[in-house]
1. Taking Cα pairs under 8 Å and at least six residues apart, what relative contact order does region 178-238 come out at, in percent?
2. Give me 207, 194 ranked fewest to most by other Cβ atoms within 10 Å of their Cβ, as a rough exposure proxy.
3. Measure nothing fancy, just the Cα-based angle from helix 201-210's long axis to the longest principal axis of the chain, in degrees from 0 to 90, nearest 10.
4. Order these by the 10 Å Cβ neighbour count, fewest first: 47, 125, 154.
5. Using the Cα atoms as the points, what is the convex hull volume per residue of region 178-238 in Å³?
6. In degrees between 0 and 90, to the nearest 10, how far off the longest principal axis of the chain does helix 79-94 point, with axes built from Cα atoms?
7. Only counting other Cβ atoms within 10 Å, I'd like 41, 131 sorted with the fewest neighbours first.
8. Can you give me the relative contact order of region 46-184 as a percent, contacts being Cα pairs under 8 Å and 6 or more apart?
């Protein structure tokens, strides 16, 4: 943007229409720090909608959450959401601390918000849901401080976000308990199976061969060999 080209955006009108947090979020999200920012009205609208989405995610779930500061255990049914929550903390921390990749950090928070909206066990997992929502608010605080402080208060916290500090990820929460393995028959994908993350090759092999979709392409044929690529795929060779 340049005054000589008369394409300068008036920040006062932008802030009046969308608020300072939206303007700040767009500026940080639209481009990495080493590249020029190209102004995009649709991008500003998108950031505004995202902040409204975050607000609804908190406000619509308040009644289902345990009290602020609760030490209720995290629910087994919420394991996947908790894993994404802590992966997001790790990702945002690494992107912000030293790299200054604010755009990818914000994108990671957006993915976590999508996961919260898609989380179907909200009623059964209040502790996990609260942790995810609080994480979103805390991670967004450097980018959208006004909205974040309001939401932090809505979540029942008396002290400000500066008192809460930056969240830390838990290594145990990052670990996958299960893995989804692609099963091929003669090099073509014929199904997927879920196995424990620490399953040995024999367990993976038996699970793959027992899958009903895979069995349709194996039954009546000679089993030549089963190739197991740990954590990734199984290729069943038949003749």
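1. Answer for region 178-238 is 41 percent.
2. So the ranking, lowest neighbour count to highest, is 194, 207.
3. With both axes taken from Cα atoms, the answer is about 80 degrees.
4. Ascending Cβ contact count within 10 Å gives the list 154, 125, 47.
5. 63
6. The helix 79-94 is inclined about 50 degrees to the chain.
7. 41, 131
8. Once divided by the residue count of region 46-184, the mean separation gives 33 percent.
Each value in this text was obtained by applying a stated rule to the coordinates, not by laboratory testing. This structure is a prediction, so every number in the text was calculated from the model and none was measured. When we count neighbours, we look across all protein chains shown, and the Cβ atoms used for this are built from the backbone with ideal geometry, even at glycine.
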